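The values are calculated or read from the model by the stated rules, or taken from the named source; none is laboratory data. Predicted, not measured: the structure shown is a model, and the values here were computed from it. Glycine also receives a Cβ, built like all others from the backbone with ideal geometry; neighbour counts cover every protein chain displayed.
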């Protein structure tokens, strides 16, 4: 058995980058490209005009070229007559100004007399309608400095300044080597034992964004000599080489040993979470970086370590937009690491609110859904709810400003709404939604809360939590809740009484969720002992999580909505109808986002799309009910 | 003679766009592209996961697969022994979880006993080190909504969700037809009568930025039938057609008539300056836009009218970043137009300052140098100095924050400094620089002000304008000022006395500039009558403007620096040495930008580069002198 690696270091990221750059001593190279292909490239040297624009004195109008002295005193009453060839010549826009002439009269002001003679009834001043040499650009003038990313508006000036070729930084070639015997290139594989290589595609995209040229190869199996050979070959073809994964400390994590054998490891293990098991190495003066395998870790590690090196080569500036937001939920963190957390963002009552998104380092979707990455610095134990947090944006800020923030219960109609307008939704359960509304951290809170005494939904809860009034409900959908069970309902589950039978593993929803309240209502009505339910304490946050637990065989049954069951090919046993509504402040009903939201709920398109999911009614969707 | 067109309209831009969109009824089209090529494209429909990720329950570690029940009670003291094949099987990361097993123990925690047996001394819990089906992505889950620009981080999730092809908006083809008999494609032409087509290159760049596919053709001569034929052909190959120029109201401005003949003109003439002579037309249901010819007008008109139509097709969101700045100089505007002004921006003392850049609609360079476009709304007569102005950024904001703002006298070393660090420089003359420093609108003010009583430079002025003290001078360069005259000095100009000879046309610098003060000092010393100097009242803002006026034959002589004369191949007659220094607040010497500025002035590279220009000394460059 190979010995296990240990992380040598726990170095701060900023320090690691300084050390790495210092050892690498990158010398970026330049190349000459035709002007037409220079858009988006970065100048390696300043560009100076090779000619003036215009490069000769030229007519700025169609008309006649005259000596201004000859026109002195011309008026309506006393027009001046001029003779072609002697006193004037016809010119078109762009024609050169002939020696001895100094003024252009536009054709509309010229009265033709025939016989090669014209009359004018207004004097013209010297240099009238003449574009002078260098009026726009003077030869030798600097058009754009070095280290400047060429924009569309620069292209016109460069052409006018006589530039045909331009010296820009060469695009660094970034080799991407995916490793792992289970990793395959195909996105559609359904073979057990094969995992799609999704990271390489993300790396290639990031490389392009930062001005590099990605070069992907097929996944390499976990065989030491094979991997070593591949790395050795790819290093020679690349300026920067990424190896993914195998950078951790497991027995088959060969990256470190191979880099050590072929070159040197500068840093292994960095005080950033996620992203710790990163290797910064050098082989034959090339940067070789081992990135961790989990998608979120690999993204963070790429941004932290590969990006700055890549920008050193490409000359691009790609500072992420950084904003300050108010954190809506406490985050914990270790003193030993800088911690980077995914957050959703939204502007509510003029304040930018950041809500942490749950999910481990493997949760690609949490990264896709995130609006930004919040930073908890090292030597800080966490950030309190209501305190400020620095966030690097993953989306343009104006998009975040236009987004409806929804915090509360989860339902699949949120996906449909999210496709019809910009919605940022966090799933905290119904009571979590009510709390977020009280703290004014969301625009709407989707809730479905059963009053166990009246059997009525939502209204009594709103009255209880907002005794001061001012609240309304926007009616959403009516949906069926029931038992999600494997196809064919093999354990014949029909009522809550079955849950305590002893041969059944149940999965529950989190406390505060409407589904949990519904379950507990039925359990107490039927007199079932929760102690007797195996899995009562195992909590999940969404209907899909419940369905997935049943699908994977981790549980026999869970409570949820029909659509979640059918989406995964499971069966469904109806328990009760319920009302899924959106809580809002009555005051906010006139806000643009809320108005649009109501309009969408009322639209035929929304109703049509919901009708495609089983178990829903939309009769009252978009109706506004003032509660108190 | 053809009749002159008249502008029909003076419509507000927002209204013009609404009318145009309403008539156009754009139906954007979509196409399917492979995932690898989808980066930066915009989804036409929401994308739902086709498979779960992982799509089977899999080992998350290399190790052994066990039944958790079998491991109950295992401890250091009482290890549990397991038999291969019966109690466990070896698994690698990614291997499927076999029926009946429910837990993975990592290989590092397994003690091999030989004989197909292993010992473990810790119990394992159910689902330990197992990645469940759908842990990352659940089949049917929405990965990204419609109208979403695909980012690098989306690519990974899409691959993991089994997506190989993706439905995106088709890139609209934008045909670009340059017109004008004087317009040629070559950037290097030195033929009089030929003007380089620089706008097409800029349009092509903008089209790419907004998600379109540019299609340029060679310039078309001003011939009605020829142009009509080209437009008719190109319309069929394009989704949007741009015609540049000929959109104005001159006799050879055929665009409007041709569009009317082939289709319809929706709007001609819009209440925006620059950009008024724009034509919004439709031919065979295609958008056909006539843009004005001057570079700044054509850029503004493209941004205002072509961009929104293009984005309708491409689905991209490209809102310009808009900021509020404090205007440092009053701007005038007509009530009848919205006025868009080029501004340079800089953050001084924490305030964002916008300084208008001078230059007509032809001045491409003013657009290249601008940091943003300031908006003076219609029905406003202008904006006062010190008031707020809305500015659309032309550069990333972080770049603007990193920029040293220099307002004052012009010198060619500013180009060198601007290449060595980010400098935004406005040329207002030395006294203008002092005023900007008093108003705290710039970091440094380059000045060269001669005290006529002492012959000393700068110091007495600083003492006079800043009686409260706290000011320092960063020494810049010593430079020779003199007469800029045509090659060979044909009019034999040797002293200021020659300027009033009668046969000489002079060009002057603006009042408040150091060069003007130097001139007036010598004029009064020699007793020359300024009334007798032809051109004494004609003022230009920079040394290069003066040199260019001499070069183009508009003047016989002007006062300026040697480098400006030599850059244009002119001659130079020395008059005096002077000191070009940078005024700063002593307090600000420790600020990052100022420190960097001083460091550059002191650097060998700066001195070497200045030495290449004739007429300069850099002995004291970067020295700091506290004045008061």
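Look at residue B:271 and say whether it is surrounded by 23 or more Cβ atoms within 10 Å (Cβ to Cβ), outside the structural domain of residue B:539 (by TED's automatic domain parsing) and either touching a strand residue (DSSP E or B) at 6+ places or on another chain (Cβ under 8 Å) or on the phi > 0 side of the Ramachandran plot (or both).
no
Looking at (1) buried (at least 16 other Cβ atoms within 10 Å of the Cβ); (2) more than 11 Å from chain A (Cβ to nearest Cβ); (3) modelled with pLDDT under 90, which is the only condition residue B:379 fails?
Here residue B:379 clears every test but (1).
Considering only residues that are away from every other protein chain (no Cβ under 13 Å) and crowded, with 20+ Cβ neighbours inside 10 Å, which ones fall in region A:105-114?
The answer is A:105, and nothing else.
Mind counting the residues in region A:285-303 that are touching a helix residue (DSSP H, G or I) at 6+ places or on another chain (Cβ under 8 Å) and not in a loop (DSSP other than H, G, I, E, B)?
Result for region A:285-303: 12.
Which one is nearest to residue A:29 (Cα to Cα), of the residues in region A:166-184 that are in a loop (DSSP other than H, G, I, E, B) and modelled with pLDDT under 95?
A:180
Sort out which residues of region A:237-261 are at pLDDT 90 or above and closer than 18 Å to residue A:309 by Cβ, and write them in order of number.
A:237, A:238, A:239, A:240, A:241, A:242, A:243, A:244, A:255, A:259
Condition check ((1) in the same structural domain as residue A:540 (by TED's automatic domain parsing); (2) under 15 Å from residue A:472 (Cα atoms); (3) surrounded by 17 or more Cβ atoms within 10 Å (Cβ to Cβ); (4) under 29 Å from the mean Cα position of the chain (by Cα)) across all residues:
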{"site": "A:558", "(1), (2), (3), (4)": "yes, no, yes, no"}
{"site": "A:561", "(1), (2), (3), (4)": "yes, no, yes, no"}
{"site": "A:572", "(1), (2), (3), (4)": "yes, no, yes, no"}
{"site": "A:588", "(1), (2), (3), (4)": "yes, yes, yes, yes"}
{"site": "A:591", "(1), (2), (3), (4)": "yes, yes, no, yes"}
{"site": "A:598", "(1), (2), (3), (4)": "yes, yes, yes, yes"}
{"site": "A:606", "(1), (2), (3), (4)": "yes, no, yes, yes"}
{"site": "A:616", "(1), (2), (3), (4)": "yes, no, yes, no"}
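Identify the residue in region B:278-295 that is within 14 Å of chain A (Cβ to nearest Cβ) and crowded, with 24+ Cβ neighbours inside 10 Å and, among all such residues, is modelled with the highest pLDDT.
In this case the residue turns out to be B:291.
Consider region A:433-460. How many of its residues are surrounded by fewer than 22 Cβ atoms within 10 Å (Cβ to Cβ) and either under 23 Å from the mean Cα position of the chain (by Cα) or part of a helix (DSSP H, G or I) (or both)?
Residues in region A:433-460 being surrounded by fewer than 22 Cβ atoms within 10 Å (Cβ to Cβ) and either under 23 Å from the mean Cα position of the chain (by Cα) or part of a helix (DSSP H, G or I) (or both): 4 in total.
Go through A:178, A:219, A:172 for me and flag whichever is more than 8 Å from chain B (Cβ to nearest Cβ) and surrounded by fewer than 22 Cβ atoms within 10 Å (Cβ to Cβ).
Criteria check complete, one pass: A:219.
Residues checked against (1) under 30 Å from residue B:318 (Cβ atoms); (2) away from chain B (no Cβ under 14 Å); (3) at pLDDT 90 or above:
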{"position": "A:425", "(1), (2), (3)": "yes, no, no"}
{"position": "A:435", "(1), (2), (3)": "no, yes, yes"}
{"position": "A:467", "(1), (2), (3)": "no, yes, yes"}
{"position": "A:486", "(1), (2), (3)": "no, no, yes"}
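In this structure, is residue A:518 at pLDDT 90 or above and not in a strand (DSSP E or B)?
So residue A:518 passes the test.
So if I check each of B:188, B:196, which one is surrounded by fewer than 23 Cβ atoms within 10 Å (Cβ to Cβ) and either more than 29 Å from residue B:283 (Cβ to Cβ) or within 8 Å of another protein chain (Cβ to nearest Cβ) (or both)?
Sole residue among the options that is surrounded by fewer than 23 Cβ atoms within 10 Å (Cβ to Cβ) and either more than 29 Å from residue B:283 (Cβ to Cβ) or within 8 Å of another protein chain (Cβ to nearest Cβ) (or both): B:188.
Here are the criteria: (1) crowded, with 17+ Cβ neighbours inside 10 Å; (2) in contact (Cβ under 8 Å) with a residue 12 or more places away in the chain. Tell me which single one residue B:205 does not satisfy.
Evaluating residue B:205 over (1) crowded, with 17+ Cβ neighbours inside 10 Å; (2) in contact (Cβ under 8 Å) with a residue 12 or more places away in the chain leaves (2) as the failure.
Return the residue satisfying two criteria in turn: it lies in region B:152-162 and is within 7 Å of chain A (Cβ to nearest Cβ) and in contact (Cβ under 8 Å) with a residue 40 or more places away in the chain, and of such residues it is surrounded by the fewest Cβ atoms within 10 Å (Cβ to Cβ).
B:152
Can you confirm whether residue B:238 is within 8 Å of chain A (Cβ to nearest Cβ), in contact (Cβ under 8 Å) with a residue 60 or more places away in the chain and either under 30 Å from residue A:38 (Cβ atoms) or crowded, with 23+ Cβ neighbours inside 10 Å (or both)?
No.
Can residue B:133 be described as part of a loop (DSSP other than H, G, I, E, B), within 8 Å of chain A (Cβ to nearest Cβ) and either within 30 Å of residue A:411 (Cβ to Cβ) or at pLDDT below 95 (or both)?
Judged against the criteria, residue B:133 is a match.
For region B:70-85, does any single residue satisfy the condition of being within 14 Å of another protein chain (Cβ to nearest Cβ) and closer than 30 Å to residue A:246 by Cα?
No: region B:70-85 contains no residue that is within 14 Å of another protein chain (Cβ to nearest Cβ) and closer than 30 Å to residue A:246 by Cα.
Are there any strands (runs of 3 or more DSSP E) wholly within region A:1-103 with 1 or more residues that are surrounded by fewer than 17 Cβ atoms within 10 Å (Cβ to Cβ), and if so which?
A:30-34, A:80-83, A:88-91
Residues of region B:372-385 being closer than 22 Å to residue B:321 by Cα, in contact (Cβ under 8 Å) with a residue 40 or more places away in the chain and outside any strand (DSSP E or B), which ones?
Scanning region B:372-385 gives a single hit, B:378.
So residue B:549 fits all but one of (1) within 11 Å of chain A (Cβ to nearest Cβ); (2) at pLDDT below 90; (3) not in a helix (DSSP H, G or I); what number is the exception?
All conditions pass for residue B:549, except number (3).
Given (1) over 19 Å from residue A:626 (Cα atoms); (2) modelled with pLDDT of 95 or more; (3) crowded, with 21+ Cβ neighbours inside 10 Å, where does residue A:476 come up short, assuming only one miss?
(1)
Being assigned to a strand (DSSP E or B) and touching a residue at least 60 places away in the same chain (Cβ under 8 Å) is the filter here; which residues of region A:522-546 pass it?
Once the filter is applied, which keeps residues that are assigned to a strand (DSSP E or B) and touching a residue at least 60 places away in the same chain (Cβ under 8 Å), region A:522-546 yields nothing.
Output the number of the condition that residue B:146 fails; it satisfies all remaining conditions of (1) facing another protein chain (nearest Cβ under 8 Å); (2) in a helix (DSSP H, G or I); (3) touching a residue at least 12 places away in the same chain (Cβ under 8 Å).
The single condition residue B:146 does not satisfy is (2).
Looking at region A:464-472, can you tell me whether even one residue there is over 27 Å from residue A:527 (Cβ atoms), in contact (Cβ under 8 Å) with a residue 24 or more places away in the chain, in a strand (DSSP E or B) and in the same structural domain as residue A:608 (by TED's automatic domain parsing)?
yes
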